[in-house]
Amino acid sequence: MYIVSQALEYGAPLFLITSPLTSYADQILSIHRSRNTGGFSLDIPLIMLVASVFKVFYWFGAYYSISLLIQAVTMIGVQMVLLKVALDNRPAPGVKNSVEHVPFSSVDNSGGFARPYEFWQWKSAKPYWLFLAYMIGALTFVQIILPPIANSDFYINLLGYVGLAVEATLPLPQIIKNHKSHSCSGFRVSVLAAWILGDVMKLSYFFCSQEVIPWSFRMCGLFQCVCDLYLGVQFWMYSGASFRAAGSPRGPSESWNVEEKDIRMT
């Protein structure tokens, strides 16, 4: 037990701090080398940037674990680089305003939903950076100029729960897509295993660490873990159905090859 506790106490923080780099470095290099963002969603940097910025400002009121603060700051830097590379290498015009939004494409198409003012689907790169600047500027203004609000328990808890809730929603588009198509095509077992391993590491640290870990981290971590486990259930159900159907005759036009593509990189 001593070895396990020491591994969690020292290994888990290192895992959390380096996770933004290990998760997104390959994606950044891949886009930069191929000069193409086909299959990558700009919603991913949006979700992670909003969540991480809110978590940084949440620290000024909650003073939670330094490891989690460093992770949030690192994530902001990595996601800004990823956003810059993705914007510089967007597909040619004609692919949904030059941007593919894979995770939410099914939501957009099914109900005819259009984002107000084409939010985060802008053709120019400038509005993306302006939105981030205004968001960070507004939070900084409240933190420095309006201390009665910034120091209130309601505002502090609001920052924490909003930031963590936004991050926890990242698996939902994949779950919805699998449910509607009754298929997990393009979803790799190795990716699922990495997500669940990360959830186990995070939750072990959240519940066993001697550092200050607010309950908002634990609740949102549990929600994300449940979502990832449900993705595993979907994979088991739909893959089992595919294997059972494999014995049936196939036409000459059908193929066994399935393109594998990650839509969430965390």
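Name the single residue, out of those in the range 110-125 being part of a helix (DSSP H, G or I) and more than 29 Å from A150 (Cβ to Cβ), that is modelled with the highest pLDDT.
E118
Is it true that some residue in the range 84-106 is modelled with pLDDT under 85, of a type in the set (S, T, N, Q) and loosely packed, with under 12 Cβ neighbours inside 10 Å?
Checked against the condition, which is being modelled with pLDDT under 85, of a type in the set (S, T, N, Q) and loosely packed, with under 12 Cβ neighbours inside 10 Å, the range 84-106 yields no hits at all.
So V166 passes all but one of these: (1) modelled with pLDDT of 85 or more; (2) among the β-branched types (V, I, T); (3) not in a helix (DSSP H, G or I). Which condition number does it fail?
(3)
Within the set of pairs 6+ apart or on separate chains, which have a first residue in the range 60-71 that is without any contact (Cβ under 8 Å) to a residue 60 or more places away in the chain and over 21 Å from T18 (Cα atoms), a second that is in a helix (DSSP H, G or I) and β-branched (V, I, T), and C-beta atoms under 6 Å apart?
Matching pairs, first to second residue: none at all.
The values are calculated or read from the model by the stated rules, or taken from the named source; none is laboratory data. All values reported here derive from a predicted model rather than from experimental measurement. No Cβ is skipped: glycine too gets one built from the backbone with ideal geometry, and neighbour counts run over all protein chains shown.
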